[in-house]
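The values are calculated or read from the model by the stated rules, or taken from the named source; none is laboratory data. Just so you know, these numbers come straight off a predicted model, no measurement behind them. Reconstructed Cβ throughout: ideal geometry from the backbone, glycine too, with neighbour counts over all protein chains shown.
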Amino acid sequence: MLLGLGCNAGTRSPEGAVRAFAEASSDGDREGAWRLLGPATRGKLESDARRAAELSGRRPLKPAEMLAVGWFPPRFRADDVRELARTGADATVEVRGARGERETVRCVRVDGDWRVELP
């Protein structure tokens, strides 16, 4: 288990950020997952939340409400994560699944910590 999300220990490396994000997501911790997202993903979710609220005519949505967390079984094991490349404040991390699935995840460094950018 990772150290608490309030602590930056899990976000000092791109792999740690991906592991922390996977853990928060599988635990249904929407706010914890939100804190681990990079600025591009946050901006997209903020825009999506505004648009969803406009289209529905209902209450404003928090951008974190746009995340589907804790609804599905984990597709990948959070311990099967490795950094593929890093250039400055950008990194690419590979996550491997138990059945050979592979997914690459982009991470960015923000204020000294790594954050996950979703595709």
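Below are the figures for this structure:
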item	result
Only listed residue being under 13 Å from the mean Cα position of the chain (by Cα), surrounded by 11 or more Cβ atoms within 10 Å (Cβ to Cβ) and farther than 20 Å from LEU45 by Cβ, chosen from VAL81, VAL108, VAL95, VAL116	VAL95
Per-region count, region 19-46, residues at pLDDT 90 or above and either touching a strand residue (DSSP E or B) at 6+ places or on another chain (Cβ under 9 Å) or more than 17 Å from ALA68 (Cβ to Cβ) (or both)	14
Failed criterion for LEU67 (all others in (1) closer than 18 Å to ARG115 by Cβ; (2) modelled with pLDDT of 85 or more hold)	(2)
Condition broken by GLY88, with the remaining ones in (1) among the small types (Gly, Ala, Ser); (2) touching a Pro at 6+ places or on another chain (Cβ under 7 Å); (3) at pLDDT 95 or above; (4) over 19 Å from ALA20 (Cα atoms) satisfied	(2)
Test: residue in region 91-106 that is of a type in the set (D, E, K, R), assigned to a loop (DSSP other than H, G, I, E, B) and without any contact (Cβ under 8 Å) to a residue 24 or more places away in the chain	yes
